[in-house]
1. What does the structure give for A:222-232 when I average, per residue, the other chain Cβ atoms found within 10 Å of the residue Cβ?
2. Using the Kirkwood formula on the Cα atoms of chain B, what hydrodynamic radius do you get, in angstrom to one decimal?
3. So what's the Cα pair-distance distribution over the protein assembly as shown, bin width 20 Å, in %?
4. Restricting the count to DSSP beta bridges whose residues both fall in the protein assembly as shown, what percent are antiparallel, rounded to a multiple of 5?
5. Given a cut-off of under 8 Å on Cα pairs at least six residues apart, what relative contact order in percent is computed for the stretch B:1-116?
6. Taking A:Ala40 in one copy and the same position in all the others, each labelled 7 Å out along Cα→Cβ, what are the pairwise distances from the first, in nm, shortest first?
7. Neighbour counts of other C-beta atoms within 10 Å: give me B:Ser59, B:Ser112 arranged from fewest to most.
8. Summing Lys, Arg as +1 and Asp, Glu as -1, what charge do residues with Cβ under 11 Å from the Cβ of A:Leu98 carry, A:Leu98 excluded?
2 protein chains.
Amino acid sequence: MIRLSLNQKTVNRWSLAEAVEGCARAGIESIGIWREPLAAVGTARGAKLVRDAGLRVSSVCRGGFFTMPEGLARTAAIDDNRRAIDDAALLEAACLVLVVGGLPAGSTDLPSARRRVADALQELAPYARERRVRLALEPMHPVYCADRGVLSTLAQALDLAEQFDPDVVGVAVDTFHVWWDPDLDAALQRAAGRIACFQLADWITPLPADTLHARGMPGDGHIDFRRIRSLVDATGYTGDIEVEIFNLGLWARPGDETVDLVARRFAEHVA
Amino acid sequence: MIRLSLNQKTVNRWSLAEAVEGCARAGIESIGIWREPLAAVGTARGAKLVRDAGLRVSSVCRGGFFTMPEGLARTAAIDDNRRAIDDAALLEAACLVLVVGGLPAGSTDLPSARRRVADALQELAPYARERRVRLALEPMHPVYCADRGVLSTLAQALDLAEQFDPDVVGVAVDTFHVWWDPDLDAALQRAAGRIACFQLADWITPLPADTLHARGMPGDGHIDFRRIRSLVDATGYTGDIEVEIFNLGLWARPGDETVDLVARRFAEHVA
């Protein structure tokens, strides 16, 4: 399937080797790789697996979580982001996705948490540039603002990204996170040349109890994928399109079934 | 408590008469009234209860739910909104809150649903003007975009409201719905003279399974109430401040306990 990328999270029970083989069986040429299953096989061995299979790496997921104030935890977070950049470089990934993190525990100071995202980017961008890794700031649905990502809109992500070279800092556009945004059309127009990653998941209702795992397969929910895809196309983005679904029901199914479903839904709702 | 208003939904098990008496016992001078408990006692009798107790009515909740295409259901929705305007007029309420509605069943056409909100307002505004009722467009947290309210930001609500006289169409600002918005400061500045209703509820995590009942008492979550209140103050808003909490745990408690807690938290986090 041209441009379809399987994000590993969609087949969460598979190891990296299994996901690589699953892509090959389904004729999928690109994969979004998560750092935990990569670490489980060893970064170098994982990179060889992917390279030997001839797969493109559409993203490494993920860096970020650097909204805490100065201190040991923040230093550790910045160090871990450098390792994530190293991983992305070794995999020759199209980008490293950054989920910036929520409010620090006990804090209600949202403006300060947002300022610290800008500070972290200033620290990480030179390291990313040296290693030719593109960072992809991911705006998160406001349902995650408190506990996962204080970047809430694409415009806000662009405000940050535009302070850097587009080859160093871009944005990740995930339909699940941005579909509701009344300013989406204008923000996507502005995102021309900045889209480093394009991900698909549907918004389903009623929202499952665990919001982290509340995403649906394209076609199961309320998002107009063709409309958003045409807006993304209009920016000139020609990269891979990842299907990334966090969903406990889906994860309980055999991986090959899920991959088939992904390919069918992609053909039906997106391609 | 000066300016504190008890929204009836916070003491959901109480009848209107019980809520009116509860306010009197607690020294609360204002109430936000829901149409269902009002209908249960009869609109005229309910209005007399409130008037005899000397309470201000800070809002009537609610009208709206008019995003469906032309047809019988839409006609019925517009008619019901006229009845809601009548209720608000009889109660001499500061406003009628409008929760506009989500996507029609099976539709993914968000732009059209949003256009129909503008159409409905055009139909209802003259009726509201004649009866001297102020409509309050309520932007809803994007978690509700699909199933409850396609107005997702304060700026978007203002775009609509500004097509009308500010005495006829204003906005409702609920901390739960707007706290995450990176453009909140600018939107609130722009909202000067348009704020018809100011409501408080906290954003708690993990988000309770049923998103409708996911709201917390001020101080239990992640919202900086003083910061938002100072922005609202800066607009010149001097009206009542409602505490409106949809929360099953809270609803299970005796009403007087809840009212005491509301008053304490208001003093601690807002006043």
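Bear in mind that the values in this text are calculations on the coordinates, not laboratory data. This structure is a prediction, so every number in the text was calculated from the model and none was measured. Don't worry about glycine lacking a Cβ; one is built from the backbone with ideal geometry, like all the others, and counts go over all protein chains shown.
1. Going residue by residue through A:222-232 and averaging, the value is 2.
2. 18.5 Å
3. 22, 51, 24, 4, 0
4. In the protein assembly as shown, DSSP labels about 10 percent of beta bridges as antiparallel.
5. Value for the stretch B:1-116: 24 percent.
6. When each copy's label point is compared with this one, the spacings are 5.2 nm.
7. Least to most surrounded, the residues fall as B:Ser112, B:Ser59.
8. It works out to a net charge of +1.
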